[in-house]
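Here the structure is laid out as structure tokens; the discussion comes afterwards.
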Amino acid sequence: MEKIQPGTADGTEENIQKIAALFPEVMTEVADADGTPRHVVDYDALHELLGDGAEGQRERYQFTWPGKAEAKAEARRPVWKTMRPEPDKSVNWDTTKNLYIEGDNLDALKILKETYAGRVKLIYIDPPYNTGHDFVYDDDFAQTHEEYDAVSGDYDGDGGRLVANPDSNGRFHSDWCSMIYPRLVLARDLLSADGAIFISIDSNELTNLNCICREIFGATNFVAQLTWEKKKKGAFLSKNYINMTEYILVYAKNISVFNGLVGEVNHEPETYPCIKTTNARGVRVIHKGTPCKARSRTFTIQPNTRYSSGNMELIYLDKAEIVDGILVNDVSVDSNWIYGQEKLDTFSQKGEIYITQDCYIRRIVNDDRIKMLKDLLSRVGADGKALMRYSYDDNLNNGGWGTNEDANDELHKLLGTQNVFDFSKPTRLIGKLIQCINDSDAFIVDFFSGSATTAEAVMRVNAADGGTRRCVLVQFPEECPSDSVAGKAGYKTICDIGEERIRRAGAKIRAEVEEANRQLKLGEEPRPVPDVGFRVLRIDSSNMEDTYRTPGETDQMDLLSLADNVKLDRTPEDLLFEVLPKFRIPYSARIERRELGGRECFLVDGNRLIACFDAEVGTETIEANV
């Protein structure tokens, strides 16, 4: 008689659990017709694992999940939304180049693509890590356009588009993959040819994220997997191990033109050897006039004199006369040279070659030297310091990269409330990542902006090196519960926290620069005050009323009335910002109001666009002198 396992009628569930324990790689997640989550055995994978694969089946590498096809399709679906200006929330509306966008980042990326495709040098994002305790976007790709438009345009009190993703969800990993996939597709469209994306993540979705990035950006465009030491000490009650690190995946748009991650720029003169033991041997001529730093100011090196130290060796083939510290005749030297004769001659003409105390040949380097970034972002720097605040240094290895504790502390001091936002990143980390791109005019985007660390980092780096970097931040207006720390402090949404952070950080940075300029010594150049403003834009449904009707529902008078279908709550400014992408004019463009021919007009981006939304615009306005 067949033995029945306890717990279920036939022991199936227990057997599945045993298979899962023995072969976790054959388990997959599904949802029943009613949405009930279940973990089941992938029998094809089990057969393959046991050496019982189907004969004749074509093998291929594949990374997929339930919902992938729809996620890919969603990235290319159009969006029927617009950006609405919010000047009252903004700082320096007329002059700033920075943007803060309130809304669903999927919508925002689709709208931004119209204007900014191929223009962004650096994207940094810190998406949900899918720990089982955070929220992801509820991208219901099965909805109609009208249903999707209604949901994503209505940010109601319960958070609208954000839903919990507990690890009990049968589509736990699939939902996260479906959320991140279309956003990364659109992010790639925004990047310039030499641009790169940086993505913070922990071990929960590291593997899946890497697979998705390799598919979207291409495996050859992988740059680095940086490891960030995020805390001073771990949670010692952790069940399996103490987690001290997170990761930052870096992918380039096009690795062939990407300039790499700069870790150190050295401006000070240094000396380097001209020979290397692993190079091929050859003969080079060292010209007369070359200085010598030997202790004896005047001496002679006899022909075929050999000098060696360890594996390094060189032979003076000719007699070399040194008089008052200067070589007075050309001399041939045999060794393992790094440089050819032409380069050595160039260095010699520039006075960059000298004979050392031990009669070796070295080169003086005055040009800036760049060293690439290390993949370990340590809490304590190479200089033994662990600074808590962002401090500009050409050597990113100094001072450490900041910790979660530093991030909490700087936000507390800036906003005056402790624990107002969980899991923010330190300005030091983001500031250094911005530095490693080595572009003082970089256009930077963060579409999971959270507490707006990226905006403060951009302003601080600009304040330090005089750069003109600008940024676009996107954040969903997730509601702060009234009983939360943020809610009690008066913040209604996450956007309120981010915007207030930028206001306060900007004011503080401006004050610091102005005070530093007042303390300048005679002859010192003042530092420029960086752009510390930002324009707030809010994603909303189109400014136009829906006018979809069948031919049988429409007559001639109806067609005339459809010409004026602007929604009643929309302003001329709203209409202007819906028009800007059609001309690829950035949302940060300078806008001037002026009356032309008795009508209010907008002169945009140095008169690149002149727009008027008044009724009955006459020839006086069209022909007016601007």
Query raised in the report: Out of the residues in segment 410-439 that are among the basic types (Lys, Arg) and either under 13 Å from Ile125 (Cα atoms) or crowded, with 24+ Cβ neighbours inside 10 Å (or both), which is farthest from the chain's Cα centre (by Cα)?
Result: Arg428
Requested in this report: With the condition kept exactly as written, say whether any residue in segment 225-239 is under 30 Å from Gly67 (Cα atoms), touching a residue at least 12 places away in the same chain (Cβ under 8 Å) and not in a loop (DSSP other than H, G, I, E, B).
Outcome: yes
Query raised in the report: Among the listed residues Ala386, Ala486, Ala455, which satisfies the condition of being among the hydrophobic types (A, V, I, L, M, F, W, C), in a loop (DSSP other than H, G, I, E, B) and assigned by TED's automatic domain parsing to the domain that holds Asp104?
Result: Ala386
**Report entry** Cβ pairs under 6 Å, 6+ apart, first in segment 524-539 and over 27 Å from Leu106 (Cβ atoms) and surrounded by 16 or more Cβ atoms within 10 Å (Cβ to Cβ), second of a type in the set (Ser, Thr, Tyr) and at pLDDT 95 or above
**Finding:** Asp531/Thr96
**Report entry** Verdict on Arg306 being part of a strand (DSSP E or B) and exposed (fewer than 15 other Cβ atoms within 10 Å of the Cβ)
**Finding:** yes
Query raised in the report: Taking the stated definitions as given, is Ile315 in contact with a Cys (Cβ under 8 Å, 6 or more places away or on another chain), farther than 29 Å from Val265 by Cβ and either assigned to a strand (DSSP E or B) or among the hydrophobic types (A, V, I, L, M, F, W, C) (or both)?
Result: no
Query raised in the report: Of the residues Asp564, Asp558, which is farther than 30 Å from Phe447 by Cβ, in a loop (DSSP other than H, G, I, E, B) and modelled with pLDDT under 85?
Result: Asp564
Query raised in the report: Within segment 591-613, which residues are part of a loop (DSSP other than H, G, I, E, B) and exposed (fewer than 13 other Cβ atoms within 10 Å of the Cβ)?
Result: Gly598, Gly606, Asn607, Arg608
Requested in this report: Could you identify the single residue in Ile242, Ile248, Ile216, Ile255 that is assigned by TED's automatic domain parsing to the domain that holds Ile199, in a loop (DSSP other than H, G, I, E, B), surrounded by 15 or more Cβ atoms within 10 Å (Cβ to Cβ) and at negative phi?
Outcome: Ile255
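Residues checked against (1) among the small types (Gly, Ala, Ser); (2) surrounded by 14 or more Cβ atoms within 10 Å (Cβ to Cβ); (3) modelled with pLDDT under 95; (4) outside the structural domain of Asp394 (by TED's automatic domain parsing):
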| position | (1), (2), (3), (4) |
| --- | --- |
| Ser296 | yes, no, yes, yes |
| Glu313 | no, yes, yes, yes |
| Val323 | no, no, no, yes |
| Asp330 | no, no, no, yes |
| Gly351 | yes, no, yes, yes |
| Ile355 | no, yes, no, yes |
Query raised in the report: Of the residues in segment 403-435, how many are in contact with a helix residue (DSSP H, G or I) (Cβ under 6 Å, 6 or more places away or on another chain) and over 13 Å from Ser391 (Cβ atoms)?
Result: 9
Report task. Select from segment 345-381 the residues that are in a loop (DSSP other than H, G, I, E, B) and of a type in the set (Val, Ile, Thr) and write down the one among them that is farthest from Asp334 (Cα to Cα). Result -> Val380
Report summary line: The residue that is farthest from Asp446 (Cα to Cα), considering only those in segment 168-201 that are at pLDDT 95 or above and of a type in the set (D, E, K, R), is Asp194
Query raised in the report: How about segment 404-435: which of its residues are more than 25 Å from Val445 (Cβ to Cβ) and not in a helix (DSSP H, G or I)?
Result: Gly416, Thr417, Gln418, Asn419
Query raised in the report: What number of residues within segment 259-294 satisfy the criterion of being within 30 Å of Val223 (Cα to Cα), at pLDDT below 95, surrounded by 15 or more Cβ atoms within 10 Å (Cβ to Cβ) and among the β-branched types (Val, Ile, Thr)?
Result: 1
Query raised in the report: How many residues, within segment 578-618, are among the hydrophobic types (A, V, I, L, M, F, W, C) and closer than 20 Å to Phe443 by Cβ?
Result: 6
**Report entry** Which listed residue, of Glu215, Glu268, is in contact (Cβ under 8 Å) with a residue 24 or more places away in the chain and either closer than 30 Å to Asp406 by Cβ or out of contact with any strand residue (DSSP E or B) (no Cβ under 7 Å at 6 or more places or on another chain) (or both)
**Finding:** Glu215
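The values are calculated or read from the model by the stated rules, or taken from the named source; none is laboratory data. From a predicted model like this one, the values you see are computed outputs, not experimental measurements. Using ideal geometry, Cβ is built from the backbone for each residue, glycine included, and neighbour counts are taken over all protein chains shown.
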